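What follows is one structure encoded as structure tokens, with my remarks underneath.
Nothing in this text is a laboratory measurement; each read-out follows from the coordinates by a stated rule. Small disclaimer: the values here were computed from a predicted structure and weren't measured. A quick note on method: Cβ atoms are made from the backbone with ideal geometry, for glycine too, and the neighbour counts reach across all protein chains shown.
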Amino acid sequence: MNILAPSILSADFSKLHSEIQEIESLGANWLHVDVMDGHFVPNMTIGPVVVEALRSKTKSVLDCHLMVNEPEKMIPWFAKAGADYITVHLEAIQDPRAVIHAIKKLGIKAGLSVKPKTRVEDLEPFLAELDLVLVMSVEPGFGGQGFMAEQLKKVEWLAAQKTKMNYSYLIEIDGGINASTIGAARAAGTEVFVAGSAVFGAKDRKAAYQQLMNAIHP
């Protein structure tokens with residue numbers, strides 16, 4: 001399963017609905033939603049009100065990535081708003097297993113993410129319970145950053161663990177994904193590819209989207 005998940009962080013928010021309609025017309029059925037609180041990362045983005053509005057307009061998977069402190073407080077809000085996946089950062093929580101269970105109790109698929117400086121092996125005790133693992137290939141907080149190729153070692157480790165232990169989580173990567181980097185991410189074992197400016201910032205979105213899809217379905 002290889003999925004392209006355009007990040008709405010790079011869309012034109014003054015016409016967000018039409019932006020999403022255009023991307024969906026090209027074949028997108030996942031949307032990555034970057035939630036930032038201005039504390040865990042030095043930027044602020046959207047909240048559950050926007051997710052609720054999106055849910056009323058799209059049937060696409062809403063993949064909500066919470067880059068926030070104390071995500072436990074926000075999980076019920078995003079679940080109620082219509083998120084399909086809620087991913088929180090390992091660095092932001094004290095009891096990962098309790099957070100995973102809290103997400104799943106609300107009927108939502110649960111993910112954990114790690115920043116570039118965090119050891120991916122720290123996720124090992126929780127892999128059996130996860131639906132998604134998100135590897136950050138940039139420092140979280142802003143779009144348009146350069147791809148950190150060394151993070152692909154984390155993807156390779158996750159792919160090996162998944163095969164060895166027959167785990168069911170999806171391996172996602174976020175940060176600097178474009179036509180030049182997506183092939184290496186796929187080869188490492190990535191299954192869900194978050195692309196923001198590479199899709200929404202392209203002059204020819206149809207061509208850009210197809211180029212990315214061709215790279216993950218060779």
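Determine if region 15-25 includes at least one residue that is outside any helix (DSSP H, G or I) and surrounded by 15 or more Cβ atoms within 10 Å (Cβ to Cβ). No, region 15-25 contains no residue that is outside any helix (DSSP H, G or I) and surrounded by 15 or more Cβ atoms within 10 Å (Cβ to Cβ). In this entry, P42 passes the filter for residues that are closer than 23 Å to E139 by Cβ and loosely packed, with under 13 Cβ neighbours inside 10 Å.
Only one entry in L66, L134, L130 is within 19 Å of E191 (Cα to Cα), touching a residue at least 12 places away in the same chain (Cβ under 8 Å) and touching a helix residue (DSSP H, G or I) at 6+ places or on another chain (Cβ under 8 Å), namely L130.
Quick one: would you say I177 is among the β-branched types (V, I, T), in a loop (DSSP other than H, G, I, E, B), buried (at least 17 other Cβ atoms within 10 Å of the Cβ) and in contact (Cβ under 8 Å) with a residue 12 or more places away in the chain? The answer is yes for I177. Taken over region 149-188, the criterion of being small (G, A, S) and over 19 Å from D122 (Cα atoms) is satisfied by A149, G175, G176, A179, S180, G183, A184, A185, A187, A188. When K162, K109 are screened for being of a type in the set (D, E, K, R), closer than 20 Å to A83 by Cβ and touching a Leu at 6+ places or on another chain (Cβ under 9 Å), only K109 passes. Evaluated against (1) over 22 Å from E191 (Cβ atoms); (2) under 17 Å from the mean Cα position of the chain (by Cα), S25 falls short on exactly one condition, (2).
Are any of the residues in region 117-134 touching a Pro at 6+ places or on another chain (Cβ under 9 Å) and of a type in the set (G, A, S)? No: region 117-134 contains no residue that is touching a Pro at 6+ places or on another chain (Cβ under 9 Å) and of a type in the set (G, A, S). What do you reckon, is S56 surrounded by fewer than 18 Cβ atoms within 10 Å (Cβ to Cβ) and closer than 30 Å to S25 by Cα? So S56 passes the test.
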